[in-house]
Each structure stands twice: as structure tokens, then as C-alpha cells.
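What follows is a single structure, written as C-alpha cells, with notes after it.
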Amino acid sequence: MPSIFQPFDQELPGKTEWDSPMFRLAQQQFLKAAQIMELDENIRDRLLFPQRSLTVSFPCRRDEYSQVETVFGYRVQHVLTMGPTKGGIRYHQDVNLGEVSALAMWMTWKCALMELPFGGAKGGVRIDPTKLSRAELQRLTRRYAMEITDIIGPDRDIPAPDMGTNEQVMAWFMDTYSQQVGYAVPAIVTGKPVVLGGSLGRTEATGRGLVYLICEAANHLGMDLTKSTAVVQGFGNVGSNAARFLAENRVKIIGVSDVSTGLHNANGLEVNSLLEYVREHGVLKGYPGAEEVSNSELLELKCDILAPCALQNQITAKNAGRLDCRLLAEGANGPTTLEADQILIEKDVFLLPDILGNAGGVTVSYFEWVQDTQNLTWTLEEINNRLHKIMVGAFDRTLLRSQRDKLDMRTAALIEGIQRVAKAKLLRGLFP
Ligand code: GLU
């Protein structure tokens, strides 16, 4: 029978509402894996687009009372098959439907790879949070929470922090939702302050998880971490904690960066003093005892471990050939393009792909949700032990598939995730 759908071009699956460079990257990574694993075509086409996407525009009152601005917000749920959907909320001036959709798709593969009972989601508001006062940020968060309230819930879709949001934003979010229903609903978001039902260890979980994996990878590669050097791009929640845990493992941190600058010191940077400097000055710029480098110089520094923990689209066909690391540990979502992947495979750089590398965050979010829904509290030790077990399990499965099927680590991780979702979809069948 002829298809009822407008056919879309497999090579160029854009041209839809979700189209953006980042969404195309997510789709192309998925299509590459789908082809290798010979994924059922019907399932492939279902997974190529988000199941639900909500775009809202709403007013935000500035501190200057008469000034009201219209802002855009999004919440995208990629797969509703696996359980509630899960994923962070990003506040950034470049957020758009395509970016949020790409991030939602990656959340699906990430949750499936970690064997968490969630599908992927993501949200975002297109504003620069650094330009807003605390009061403005609170009003914006409350109104955004209201705007998406119909499609979220502890059993439906559970937001969390992402770039530009933090535990205070989650607290306002949780309060807004709770005010609507008339009682406290801690399980509506994860990444909350601990007194509101947040989990111990959640804040640092992404960085901690990444370093657990780096230890596994180093073991696999025969690298001695105490004789290794690392460069960490990004000094936000993920990057700063990754640097801290690397230093705890006696790795020498020779480069770090944030939006303000890059810093290089071949003799090693003191992570605690960097953290103290940022607490005092807000950014890394001006930190004494290190040479300033540009973002591109930072990425090209010779090191054993390079950990991109900032934005997407950092390692591209342009600079991948000049990278000089043995291990690429992706703390960010989507830092490496498809062309760069190919170059790095040829250079034999060992990759911890984003959906594995940064999955520590959502894993402890899962623990937080479990504790909230069952009124339990786990100790930090219990959380870290469980996190370690889940991270190492996913690393082992990915490495095994990569070795057995002769695949790069990204494709192996994607296939691990996709096959779980595909299996669930087949078992649930079609309605009607
Ligand atoms: N935003 C984080 C991520 O990209 C965490 C999501 C969550 O905890 O739900 O994985």
C-alpha cells in the first residue's frame, strides 16, 4: 500500500518542525546505529522523532515592573514506552525546539543504556540566565513550570537540572507544582535541595560517574592514572566535579576552562584553589598561576584525558585531527560531531560517549525519584555504591559489544540503548 506519510529523506531527515543542526546530529547517530543493528524499519521511524513536543510562549515580568518580555519555552518527550520520561531543563539563550529534541532523544538512549525505567525528555527556556536577577529567575521558573504542568508529573515526566539551572530552580519548580495540587510533591523534579527530598550525592553525580568510567577505561587501556594528565573543558557543575574527582585519583589537571577563559599549567592546577577562586570571582578569568589559553588551544593541549564538559559541538572536523589525547571522556551532551567521531576512531582515541559518560546525573536522579516515591532516604555511601555498580555495568556492556561487534564505543552504547527500547516497543505492540 502507498505510504500515508509524506516521505522524508533518510540522508537528510531534517525538514520537520524539530530540525536543527543538533537534532540532525542526534538523528544521524541514531540512523547509523539503526542500520548496523538492522533495526526494524517501523520502529526506526517511530524513534526518529519525539513522541510529544510542547512549545510555549509566556510573559516574564522584569524587576522594572512595567517591563514584560515574551519568552519561549519547550518540553519534549521522546519516548513514552519505558515509563515516565526524564530529563533536565536548560536555560540558555540559544535553546530551541531542535536542540531540546536532540537532548530528549539522547536521554532516551542514556536511560535505556543504564537500564533505568524512563524514556527521554528535555525542556528549556530561551533566555540567558546570567542576565536575570534572582527574583526574575524565580518568576520565570514558576511561570514556565505552570505552562508545562499538564504534561509533567511524578508518574509522567520528571524534570531535573541541566545547563543554566540548579537546585534552587528545582526548588521553585517543585513548589509551583505542589501549590497547584495542594500538597508537597517532591518527586515532581530531581536535583532538588536535600531538605526538600533531594538525594545526597546528586549534585556531584555526573562528575563522579564520569570519573568512575575514566578509572574503568584507564584500567582497560593500561593507563596509570597517577601518571596521567587531564584537560577539562567547562567548569560548571559537571566539569568542576569531574576535575575534583580526577584530582582525588591523583590525575594531574593541566587545563581547565569556562566561558571567561581557558587556563593551562603544565605543572598542574590546584582544583580546590580554582573552586575557591570561582566562588569569589564568579569565573576563572584572572586566576593567578596559570597561562591563559583560548578554547581551541585548550582542546588541543597534549594530555592523556580530555573531558569536554561544556557545550555541544566542540569537537568537529576542524579540530579533531589536532586533538592530542588518549581518552576522550564526554561529560557534555553532544560535544562531538559525526565527522569528528570518524577522525578520532582513525586516531585510535578511546571514547567514553556522552550517553554513557554523563549518565551518572540521571542515575542518581533515578535514586532520588525512588527515594521520593517510597519515602526512603539512602546514605551517601549507599548511593555512591549503587552509582558505581550501574556505571561499571553499563561500561562493561558497551565495551563488550564494541569488541564483539567491532564497533566504536559511541555506536556500541547507542545500540545497547536502542535495542532495549526497540524490544519494549515490540512487546507492547501497537494501539489500536
Ligand atoms: N540534565 C542531565 C542530563 O543531561 C540530568 C537529567 C536528569 O537527571 O534527569 O543527563
Study note, to complete from the structure: Kirkwood-based Rg/Rh on the Cα set of the chain evaluates to 0.95
Review point. Where the only charges are on Cβ atoms (+1 Lys, Arg; -1 Asp, Glu), what is the dipole of the chain about its Cα centre, to the nearest 20 debye?
Key: 660 debye
Practice item. Please return the longest stretch of the chain lacking exposed loop sites, where chymotrypsin sites (Phe, Trp or Tyr not before Pro) count only if DSSP places them in a loop and at most 10 other Cβ atoms lie within 10 Å. Key: 184-432
Study note, to complete from the structure: With R₀ set to 51 angstrom, the calculated FRET efficiency between the beta-carbons of residue 423 and residue 267, to the nearest 0.05, is 0.50
Check your understanding: Once amide H atoms are built 1.01 Å from N in the peptide plane, which residues 5 or more positions from residue 127, or in another chain, come under 5 Å H to H?
Key -> 92, 93, 95
Check your understanding: With the calculation restricted to Cα positions, what are the radius of gyration and Dmax of region 145-273 in angstrom?
Key -> 18.5, 56
Check your understanding: Between 269, 88, 232, whose Cα lies farthest towards the positive end of the dipole of the chain when Lys and Arg beta carbons carry +1 and Asp and Glu beta carbons carry -1, centred on the Cα centre?
Key -> 88
Practice item. Would you grab the residues whose amide H sits under 5 Å from the one on residue 233? Only those 5+ places off in sequence or on another chain, please, with H modelled 1.01 Å from N. Key: 307, 309
Revision key, fill the gap. The farthest towards the positive end of the charge dipole of region 389-432, of the residues 431, 391, 412, given +1 on Cβ of Lys and Arg and -1 on Cβ of Asp and Glu, is 431
Check your understanding: Once the mean 1/r over all distinct Cα pairs of region 142-213 is inverted, what Kirkwood radius in angstroms do you read off?
Key -> 12.7 Å
Practice item. For region 50-65 and region 138-157, compute the distance between their C-alpha centroids and round to whole Å. Key: 11 Å
Practice item. Quick one: which residues, 5+ away or cross-chain, put their amide H under 5 Å from the amide H of residue 83? H built at 1.01 Å from N. Key: 119
Check your understanding: Quick one: net charge of residue 410's neighbours, Cβ under 15 Å, K/R +1, D/E -1?
Key -> -3
Check your understanding: About its Cα centre, what dipole magnitude does region 65-142 give when the only charges are +1 on Lys and Arg Cβ and -1 on Asp and Glu Cβ, stated in debye to the nearest 20?
Key -> 180 debye
Check your understanding: Placing +1 at every Lys and Arg Cβ and -1 at every Asp and Glu Cβ, with all other atoms neutral, what dipole size does region 132-235 have around its Cα centre, in debye to the nearest 20?
Key -> 240 debye
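Using a ≥ b ≥ c from the Cα gyration tensor of region 269-370 (square roots of the eigenvalues), is it rounded, prolate or oblate, where a/c under 1.5 gives rounded and otherwise the larger of a/b and b/c decides, a/b for prolate?
oblate
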Practice item. Using only the alpha-carbon atoms of region 206-353, report the extent along each of the three principal axes, biggest first, to the nearest angstrom. Key: 42, 30, 25
Check your understanding: By the gyration tensor of its Cα atoms, with a ≥ b ≥ c the square roots of the eigenvalues, what is the shape of region 355-407: rounded for a/c under 1.5, prolate for a/b over b/c, or oblate?
Key -> prolate
Review point. Which value in Å does the Kirkwood hydrodynamic radius of region 314-411 take, with 1/r averaged over all unlike C-alpha pairs and then inverted?
Key: 15.1 Å
**Study point:** 3J(HN,Hα) from dihedral phi, region 58-72, Karplus parametrisation 6.51/-1.76/1.60, rounded to Hz, x for glycine, proline
**Key:** 8, x, 10, 7, 7, 5, 6, 3, 7, 8, 10, 10, 8, 10, 9
Point to revise | Rounded to 5, the percent of DSSP beta bridges in the chain classed as antiparallel | key: 45 percent
Check your understanding: Most mobile of 99, 368, 292 per a Gaussian network model of the chain (Cα springs, under 10 Å)?
Key -> 292
**Study point:** For region 211-295, diffusion coefficient by Stokes-Einstein and Kirkwood Rh (Cα), 4 °C, 1.567 mPa s, µm²/s
**Key:** 100 µm²/s
Review point. Using helices alone, what [θ] at 222 nm do you get for the chain, with -39,500 (n - 2.57) per DSSP H run of 4 or more residues, divided over all residues and rounded to the nearest 500?
Key: -14000 deg cm²/dmol
Revision key, fill the gap. The ³J(HN,Hα) series, computed from each phi in region 190-196 with the Karplus coefficients 6.51, -1.76 and 1.60 at θ = phi - 60°, rounded to the nearest Hz and given as x for glycine or proline, is 10, x, 7, x, 4, 5, 9
Study note, to complete from the structure: Among 177, 1, 77, the residue whose Cα sits farthest towards the positive end of the charge dipole of the chain, when +1 is placed on the Cβ of each Lys and Arg and -1 on the Cβ of each Asp and Glu, is 1
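Considering only region 245-377, what is the antiparallel percent among its DSSP beta bridges, to the nearest 5?
Restricted to region 245-377, the bridges split so that about 45 percent are antiparallel.
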Review point. Where does the charge balance sit around residue 149 when Lys and Arg score +1, Asp and Glu -1, over other residues with C-beta under 11 Å from its C-beta?
Key: +1
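Computed from the coordinates by the stated procedures, all read-outs in this text should not be read as laboratory data. As the structure is a prediction and not an experimental result, all values here were calculated from the model. Counting neighbours? That spans all protein chains shown, and the Cβs are built from the backbone with ideal geometry, glycine included.
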